Every structure is written in C-alpha cells, then in structure tokens.
Amino acid sequence: MSPPPPLRKEAAPDWAALPPELLALVAGRLRHSVDYVRFRSVCSRWRAAARRIPFPPLLALPFDPDASALPFFDPSEIASSAAIRSLPLPEARHQALLGSSRGWLFLIDEAGSVSLLNPFTRARFCLPPVTETLARASSLSVSKVRDRWVLDHRNGKQPVTLYHMRSTFISEATLSSTPSEGDECAVIIVAVLASSTKLAFCRIGDREWTLFNTALHNFVSSVAYCDGRFYAVDAFGEVCACDVGISTRATYISSLMLPPERDSFRIMGLKKELLLVAHYMDGDFPHFKHHYEIYRTDIKRRMKWYRVDTIASRTVFLSVHFNSNAIGGAFYGCKSNAMYFSEPIRGGREPSRSQIHKMAVMDVTNGCLEVISCNCIVQFSREVFWFTPCLY
C-alpha cells in the first residue's frame with residue numbers, strides 16, 4: 001500500500017498586503033493606546049494606515065522599583081476588566097518616577113542620575129545628574145557618601161532613599177516640546193525643585209542644571225509651557241512668565257488676587273491660553289467640603305484672569321500630588337466638561353496602608369463628584385499621576 005501523499009503546506013497570509021482601506025478601518029476602531037502601538041509596530045504599511053488618534057491620559061499606578069513594569073489605569077475603560085494594564089519598563093528598575101511631561105517619564109536613581117524615558121517607544125535620553133546646588137536651593141544640605149546621597153540633619157546624617165529623592169532634589173519637570181530624533185537638543189526641560197522659589201533648566205545633552213530666580217515670593221508649585229514661554233505659579237497663586245535660553249529672565253504677571261484660603265494651584269497650557277486650577281476647603285473637620293475653581297487667560301492679550309464655569313468639550317486630568325496634568329477634548333470613553341482627579345479629594349493624604357485605589361471625576365459646572373474604583377490594590381504612600389501617551 002502506497003503511503004499517503006504529503007500534506008500541502010499552506011502559505012502564511014501576507015498581512016502586509018492587506019488593502020490600505022481595510023487597515024485604516026481596523027486602525028480607526030482601536031480604542032486603547034497599547035493596542036494602537038502594537039498595530040503600528042507590525043510593518044511600515046500598517047504604520048502608514050494608522051492615522052493619529054488622540055488617546056486620553058493614563059493613570060500611572062504605584063511603581064515598584066524592583067519590578068520591570070509600570071501598571072496603569074485607562075479612564076476610557078472604566079467599565080471594562082481591561083482597565084488595568086501594564087507597560088514593560090526594564091529600563092526603570094531601581095529608579096523612582098518624578099512624574100511625566102508630554103508622555104515622557106522622568107526617572108532618578110539613588111546616585112542622582114536623571115533620565116527621560118518614553119514608555120511606549122522606549123526611547124531614552126540622559127539628563128544632568130542632581131547636585132548639592134539643587135538641594136541648597138531648597139535650603140537642604142546634602143553630601144555624597146559612596147555614590148549615595150545623605151541628608152545632613154541636626155540629628156546626624158540620614159540616607160536619601162529613592163522615595164525621598166523628590167522631596168530633596170527635583171519634585172517634577174516640564175518639557176518645552178516632545179523630544180524627537182535629530183532635534184532633541186532644542187528641547188528645554190524646566191525642573192521644579194523640592195521647596196524653592198528658584199527653578200532649574202537644561203537641554204538634552206547638557207552636563208549640568210542651570211538655576212535661575214523666578215519673580216515669585218513663595219515656593220513654586222507648578223510649571224507649564226505655552227507658546228514659547230514657561231509659566232510658574234507659587235503656593236499663593238502668583239504667576240510669572242519665564243523666558244529660558246541664552247538670556248534667562250522671569251517676569252511677574254497679574255495675580256489672581258484670590259482670598260487666602262486657596263491652598264493649592266496647578267497651571268496648564270493649551271495653545272494660546274493658560275488655565276489655572278485653584279483648590280480650597282470649607283466646613284468643619286472632619287466634614288470638609290472641597291472646591292475647585294478654574295481660571296483662564298489669553299496670553300496674547302492683557303493676561304487678565306477670569307473664572308470659568310465650563311470648559312465645554314474639554315477634559316482636565318489633574319494629578320493631586322504631581323504637576324503631571326493634562327487637558328484635551330473629544331477623548332473616547334471620557335466625560336467632557338469634567339475634571340479627572342488621580343485620587344479621591346480629601347483633606348489630607350491617605351494613610352500608608354494597602355487598599356483599593358480610587359479616582360474621582362467632577363463635573364466642572366455643577367461640582368458633582370463621582371468616585372470610581374480602579375480595582376487595584378496600591379500603597380497610598382506612593383503617589384500616582386497622569387501621563388499622556390506619546391506614540392510617535
């Protein structure tokens with residue numbers, strides 16, 4: 001009996017040969033930034049078919065320096081079991097996160113080395129390391145012992161651990177533009193120091209940070225970039241414009257003249273305008289009531305601030321303990337005329353214990369607040385922040 005004929009091997013489908021119209025249709029149905037990146041990475045034809053889509057910011061959950069992945073929550077998939085995902089970040093092992101700007105993460109290790117990392121494209125740039133000068137600008141005295149920083153305290157020397165790098169050197173930073181291959185040296189990075197009226201800046205490729213004075217009388221709490229200038233706001237709501245470059249200078253601009261009970265401010269830039277978010281509380285302990293007010297100014301006019309009770313189709317994403325904020329519009333799955341907070345709005349920080357993390361969404365017009373569970377157990381002593389996917 002003759003053996004059966006060998007089975008014919010079917011040729012593998014040529015996925016790159018799919019019609020561009022079909023690829024564009026599939027790409028247009030992608031709702032998650034991670035899926036979009038995977039689609040674009042197949043080949044050049046798939047990448048060309050994927051038009052640019054505005055994805056909402058993602059909520060970075062506590063990062064374990066001993067792990068190799070960053071967990072995050074997608075606000076557009078609140079009702080989905082896939083709302084919690086993770087990005088592989090082996091480059092970030094044994095480092096702490098200093099927040100995010102334009103989708104890039106700021107990293108620092110215990111030796112004080114600072115870098116920029118795009119968690120999606122994995123591009124990375126080294127920035128100048130921290131120094132004693134940066135700590136002195138926050139009235140702190142530090143020294144280096146065996147490649148590790150120690151804080152000179154009245155009770156002796158205390159090691160500066162990863163968790164304390166933000167409160168000792170750089171608390172966060174802001175980019176003037178998105179770093180791209182070929183012109184990354186044009187990007188300016190302005191760093192907010194731990195507790196200082198000064199700021200520090202550098203360019204990619206610089207060897208050290210450059211300090212400069214602001215025109216503010218209190219500690220800088222937030223910095224934004226808008227139309228060629230950096231804008232800084234202090235703890236009392238005073239704002240200054242900073243021209244950073246060959247001749248760096250800061251100019252005080254009109255204050256909001258708010259009542260003194262406003263206790264925190266965040267500034268955000270969007271094309272030709274600035275938004276300032278002010279927070280205050282009223283009522284008696286422990287039944288505080290929290291209020292958020294939004295002010296707007298057109299930087300091309302007289303910089304006159306006025307309060308707004310609607311942001312129309314836009315959405316604001318506010319990090320409670322970071323300057324990693326974002327504003328945009330028409331995000332799939334997200335509410336418009338709303339503020340998304342990185343965590344519930346309360347009078348103080350949560351106790352240091354593990355529990356289910358929650359975020360909050362507030363209607364800008366009526367102030368109604370909705371608390372949403374992220375279905376993820378986190379350690380509240382480690383802070384969370386928003387970051388906008390930078391996919392190109």
Of the residues that sit in the range 203-217 and are modelled with pLDDT of 90 or more and either among the hydroxyl-bearing types (S, T, Y) or in contact with a Phe, Trp or Tyr (Cβ under 6 Å, 6 or more places away or on another chain) (or both), which one is farthest from Y280 (Cα to Cα)?
I204
Apart from one, (1) under 21 Å from the mean Cα position of the chain (by Cα); (2) surrounded by 14 or more Cβ atoms within 10 Å (Cβ to Cβ) all hold for S180; the odd one out is (2)
Any idea how many residues of the range 236-248 are surrounded by fewer than 18 Cβ atoms within 10 Å (Cβ to Cβ) and touching a residue at least 12 places away in the same chain (Cβ under 8 Å)?
4
With the checklist (1) part of a loop (DSSP other than H, G, I, E, B); (2) within 19 Å of F331 (Cα to Cα) in hand, flag the one item S76 doesn't pass.
(1)
Just checking, does the range 92-112 include any residue being among the β-branched types (V, I, T), more than 30 Å from S373 (Cβ to Cβ) and not in a loop (DSSP other than H, G, I, E, B)?
yes
Only one residue in L127, L97 is assigned by TED's automatic domain parsing to the domain that holds S167, within 17 Å of the chain's Cα centre (by Cα) and not aromatic (F, W, Y), so which one is that?
L97
Those residues that are part of a strand (DSSP E or B) and either within 27 Å of D234 (Cβ to Cβ) or of a type in the set (V, I, T) (or both), I need them from the range 120-151; list them, please.
L127, V142, V145, W149, V150, L151
Can you tell me which condition T168 does not meet? The list is (1) modelled with pLDDT of 95 or more; (2) outside any strand (DSSP E or B), and all the others hold.
(1)
Residue that is farthest from the chain's Cα centre (by Cα) [pool: residues in the range 44-63 that are part of a loop (DSSP other than H, G, I, E, B) and surrounded by 13 or more Cβ atoms within 10 Å (Cβ to Cβ)]
A50
Within the range 306-337, restricting attention to residues that are among the aromatic types (F, W, Y) and crowded, with 19+ Cβ neighbours inside 10 Å, which residue is modelled with the highest pLDDT?
F317
Among the residues of the range 96-136, what is the count of those that are surrounded by 21 or more Cβ atoms within 10 Å (Cβ to Cβ) and under 19 Å from Q158 (Cα atoms)?
5
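The values are calculated or read from the model by the stated rules, or taken from the named source; none is laboratory data. Owing to the predicted nature of the structure, the values given are computational and were not obtained by experimental measurement. Ideal geometry is used to build each Cβ from the backbone, glycine not excepted, and the neighbour counts take in all protein chains shown.
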